[in-house]
Every structure is written in C-alpha cells, then in structure tokens.
Amino acid sequence: MAYLQRICFGLLVALGASVANGIETPEYTVIKTYPDFELRQYKPHLIAEVEVMATFEDAGSAAFGVLAAYIFGENQSESKMKMTAPVQQESREKIAMTAPVSQQSVADDPDEKKRYRVNFFMPSKYTMETLPRPNNPAVKIREVPARTLAVRRYRGSWSTKRYRKEEAALLEALKRESLKPVGMPIFNRYNSPFSLPVMRTNEVAIETQND
C-alpha cells in the first residue's frame, strides 16, 4: 500500500507541472473558435480506463490509484510509462441534454454515487500491439477514434456545482450555434489536487455534429 501511495503522490506532483514542461496531451486541430468554446478535431488515440461507482467529486481519486499502478509497472512487461494529461472523467449514465440550465445545475446530489469512466491518455509512441497489457483486469485498454469535440476551458474548483455550471453553459452555446451533442460530456483535469484551485486548468468537452 505504501508503494502505491508513493506512486500516486509522484503522479499527482507530475500532473501539477505544465504541458510546457513536457507532459504529452492528445493531439488535435482547432476547427473554429467560438465565444464560449473551441471546436476541435482529435486524432485517434489509446486510453487506459477504469470504471468506478462513486460521486462525481470522488470518481477521479477512486480510479487514480489503479491507473497509476498500471503506468508505473503493474503490467505484463513491467514497463513504466510517462504521465500524460488530462485525466478524463465521463459519466456512464445518460443526462438530460436539453434540460434548462437552472434545472441541470441543481439536479445533481453531490453525495449520489453513479458509474463513471476515468482514463489516462496513453503516450502516442504506443500502438494497440505495443502497449503493455495491464495486470489488473479492471484496467481496460481502448482506442478512441477520431472525433470532433466542443471544448469549454475554465479555471477553478473541481466541485460538482462548478462543473455543472460550465457543462450547462457549453450545452447552451452549442444550441445557439446549431451544433448537436452526440456523446456524453467529458471532464478534463490538467493539474494535481495539490494545486490551488485558481491555478487549475479544466475543460468540459462533448462530441458534436452539425445539424
């Protein structure tokens, strides 16, 4: 347990570093910049993913240790991989995509547990054939196909209330621009829990298509 805690601490510190300090992020092209979000085209990429039953605010920490152990050697080849960003969190349960902003913001019970998928983006040098296989069956390797995401970036708290406010703002903006959400919203976190909230870079993203 102490070994796993040291791994997690090291990775959390690494997440506190900026992308400029060498942390790899998924590759994308900005298609268009809107007042409230960017429309991005992402290339296919691999992820390591864990599904957890937790509250919105606890899902990341519930999955982090398992994913951290995998990239720090808990795999069949005992390989260590570099940390990447962001850590992504996505609900497994449907949301009311057309709900009014006020209702969507207050509908969440912060203590309610739901199913979430949390993932680490895998370094781009790996393919499905060369990526080390996880020892823990809870860790699933998946290829995410090329897709178009609407992404709203913000700084500050990781709270459910703040996230839902930003999510609702993104959905309203998509409606104004006649862009249709076709997937579940994704929560991107680029920094460690040790970082001050005002310094945190966060994103809410969702796959889209034109009407």
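We did not get these values from a lab; they are worked out from the coordinates using the rules stated. Since we're looking at a predicted model, the values are computed, not measured. Ideal geometry is used to build each Cβ from the backbone, glycine not excepted, and the neighbour counts take in all protein chains shown.
Observations on the model:
- Exposure proxy order (Cβ contacts within 10 Å, fewest to most) of Met184, Met83, Met53: Met53, Met184, Met83
- The label point for Ser91 and the one for Arg133, both projected 7 Å from the Cα toward the Cβ, are 3.6 nm apart.
- Straight-line cross-link reach from Lys180 at under 17 Å between alpha-carbon atoms covers these lysines, not counting any fewer than eight positions away in the same chain: Lys32, Lys94.
- Extreme residue, positive dipole direction of the range 27-69, given options Tyr42, Val66, Thr55 (C-beta unit charges): Tyr42
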